[in-house]
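Beneath this line is the structure, given in structure tokens, with notes to follow.
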Amino acid sequence: MPTFKVTVYTVRQINLEKMDDIYLTLLDSEKQSSERTLVDRSWFSSFKTEFSLDIHVEKNIGNIVQVKLEKHKHNHPWFCEHIKVQTPSGDCFEFPCYWWLVDENEVMIREGTARLPQDDTKSFQEQRKDELESRRKIFRWKEWSPGFPMSIDADLNDLPKEVQFDLEKEIDWYCNFMKVGVYLGLKKFEGLVESWKDIKDIRQLFEVLGTLGHKVLGLDDFSSVTNVCSLSRELDLVPFSGNHVYKMIVCQFSNFKQKLYIQTQLLQETSNDVMENWNQDYMFGYQFLNGCNPVMIRKCMQLPDKFPVTQEMVKRFLKTGHTLQQELQAGNIYIADYEILKGVPASSSQRYLTAPICLLYKNDLNQIVPIAIQLSQTPGETSPIFLPSDNGLDWMLAKMWVKSSDFNVHQLVTHLLKTHLFSEVFEMAMYRQLSAVHPVYKLLMPHVRFTIAINAEARVKLIGKDGIFSKVASISGDGMGTLMKNAMETLTYKSLCFPEDIKARGMEDVPKYYYRDDGKMIWEAIHCFVSDVVKIYYDSDEKVQKDEEIQGFVNDVACSGMNNSANFPKSLESREQLVEYLTVVIFTASAQHAAVNFGQFDWYAWIPNSPSTMRKPPPQKKDQVDMKYIMDSLPDRDCSSMALATVWALTQTEHTERFLGMYPDMYFTEQPVKEAIKTFCHRLEEVTNIIKIRNGGLTLAYCYLSPDKIPNSVAI
Ligand SMILES: [Fe+2]
């Protein structure tokens, strides 16, 4: 009797010993099938991640093209990674699954070769339609809050199992949770609403953190299951079910301690530099190029009427003998305009927000330095233009105001909207429109991992009604909606194409713009990889036009996810357009998110450098503020410590992080794609080396876009 040898791969899961009955059936292209075979239950209690079974077939069935998995009863969900089938003649076929079997259901797993819908047989085309129809019932669009792009119609607690954190990520998230930061050292500032005495006084926060590294090495709070349980209660964290999960936390705590130790030491290096030099104009200017929000600055060839800076005001800051007009024409003047904040209300009557404009200059030392700041969009007597020659306190406060506005725009627009929420739109459209056997589904899956889950967390813990953001920042609730609306109205698809964005902002030739230099190399690497993959499946532009699933995907992104944005393509006509589109999706989820996420601790830890909010109105006249006014403007002690703990938590990577190009899940089974992945990894290694060598010669290394530090997806 012919025998097929089947190996099933899964992951470590809790409660496997209580697993329901699982049946497995092999099917050939004529829908002839093997016997429906019950998986031996003893396997589930063995805690192994792979098991084999022999399936005997009486009749002569052909090539196996599908495996049907059925789960009976409905006790525990079960995750199947993939299945390998060895035929009686010794040939092997892979069946990637990576799907949860929840309650009582069945999954049909196609053989791994990716196929476009039009290349499939009629009956498989029908099956694909059914697959997508049932996915669309799970992944429904919803406008979480007016002004926001669409997201998933599910709360944190009822997310589809497929998009939830896995156990390891959940434990990592748990360990990194911001309250741990507070618990470890910043708790002493909790509830203290007084202002800091002076700038030096804020160092207290750093002193706590400075000694934190040493403290954690001796810390044994997580060294026993009892301690972990009591700590979770104390921190009000959602408890995990089962002691074995706490045991895993205990096991991982030594990793966690080590990471925290290293980070607090690094913090001292990077942030010491920020702490020492934050008020220097070159350091202020540097952050427009290589800080957390390197996308606001643009070349200014002509001053806008609303910002009437004169030659007289700035001549002493320009190269000797040069006029402002000459410098504008020479391309040495830059601008950061926060017009997007115009009309956005502050979160409370004790918080203030404005929409400043900052003029910057490329000086003789090739540094970008500020030369004029206006703290509103309306010039006039009550909105003077502040200059570096003003008294020190006026100029310092003006810069703080710009950085505070920048903090809010960065968090909500550059970071949340343009990486987190856009990636969720792409992820949703992928689930709704692309069959699991579509090559683009296989290509994008690693780049949307945990994105819906982290966003669902953020909607509750960060940007929700009582979330952290409402406590530390200037904008919440209605203000967020207005800002999102402003951002969506000015958004263009082309601005997500990295090289086009650099060009549109006139930033192609500014020196020391490492975000641009590194970003371009990564964009190129992703573009080449995507192009290699697209070429394998599409041999003509017509194939793109006739691919209903791809057209449905692009259309769903524009018409549903992006609220019918006129600036997003609703269809794709050529392979070139498809390659660019997919490069946007992958670049946004990986490199762009890394560039705007992982510098938060470096640049925001020192509160005066980037106040998360301002508690006094912006000055309307020069020479009127004193140090007390400035300290009363900055976040109070409680708010500062909360902001610090938050940015610490948000800059963590998982201890088993999957960095750019790492594809441990085998969605693709064909050799040409495996070759393309190899080439991609090789290119990324080269980019990592180039960046490493460049950084060796810099006082302040730029590491956020080093491929070995860029996670594949938005997951923090
Ligand atoms: Fe993030």
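Descriptive notes on the structure:
- Two-site FRET efficiency, Ser389 against Met662, from Cβ-Cβ distance with R₀ of 60 Å, rounded to 0.05: 0.70
- Across the chain, C-alpha contacts under 8 Å between residues 6 or more apart give a mean separation that, scaled by the residue count, equals a relative contact order of 16 percent.
- Short-range pairs are left out: with C-alpha atoms under 8 Å and at least six residues apart, the relative contact order of region 454-514 is 12 percent.
- Residue pairs, from the table Lys299/Lys319; Lys306/Lys503; Lys5/Lys59; Lys129/Lys442; Lys399/Lys520, whose Cα atoms sit over 21 Å apart: Lys306/Lys503; Lys399/Lys520
- On Cα atoms only, tilt of 422-433 relative to the major axis of the chain in degrees: 20 degrees
- For region 558-657, diffusion coefficient by Stokes-Einstein and Kirkwood Rh (Cα), 37 °C, 0.692 mPa s, µm²/s: 186 µm²/s
- With a threshold of 21 Å on the Cα-Cα distance, the over-threshold entries among Lys342/Lys616; Lys465/Lys628; Lys535/Lys674; Lys197/Lys622 are Lys465/Lys628; Lys197/Lys622.
- Alpha-carbon centroid distance for the pair region 660-707 / region 571-606, whole angstrom: 15 Å
- Summary of the geometry: region 330-376 and region 54-124, compared by the centres of their Cα atoms, lie 57 Å apart.
- Accessible area in the full protein assembly, largest first, 1.4 Å probe, for Ser470, Ser610: Ser470, Ser610
- Between 0 and 90 degrees, the angle of helix 637-650 with respect to the longest Cα principal axis of the chain falls at about 40 degrees.
- Reducing region 390-415 and region 458-517 to their Cα centroids gives an inter-centroid distance of 15 Å.
- Partner lysines whose Cα lies under 24 Å from the Cα of Lys73, excluding those fewer than 8 positions away in the same chain, are identified as Lys18, Lys48, Lys137, Lys161.
- When Val369, Val714 are compared by accessible area at a 1.4 angstrom probe, the order from most to least is Val369, Val714.
- Radius 13 Å from Cβ of Ala676, net charge of other residues (Lys, Arg +1; Asp, Glu -1): +2
- The chain, accessible surface, carbon-and-sulfur percent (1.4 angstrom probe): 50 percent
- Mean separation of Cα contacts under 8 Å, 6 or more apart, over the residue count of region 390-455: relative contact order %: 31 percent
- Cα shape, region 675-716, gyration tensor, a/c 1.5 rule: oblate
- Coarse-grained scattering of the chain at q = 0.06, 0.08, 0.09 Å⁻¹, given as base-10 log I(q)/I(0) from a Debye sum over alpha-carbon atoms: -0.39, -0.68, -0.84
- Helix 122-138 and the longest principal axis of the C-alpha atoms of the chain enclose an angle of approximately 50°.
- Where labels lie 7 Å past Cα in the beta-carbon direction, separation of Gln311 and Arg694 in nm: 3.8 nm
- Heavy atoms of the protein chains alone define the surface here; on that basis the chain has 40 Å² accessible area per residue at 1.4 Å probe size.
The values are calculated or read from the model by the stated rules, or taken from the named source; none is laboratory data. Just so it is clear, the structure is predicted and the values come from calculations on it, not from any experiment. All Cβ positions, glycine included, derive from the backbone under ideal geometry; neighbour counts span all protein chains shown. Quick note on the areas: whole protein, heavy atoms, side chains included, nothing else; ligands and nucleic acids left out. Shrake-Rupley method; radii C 1.70, N 1.55, O 1.52, S 1.80 Å.
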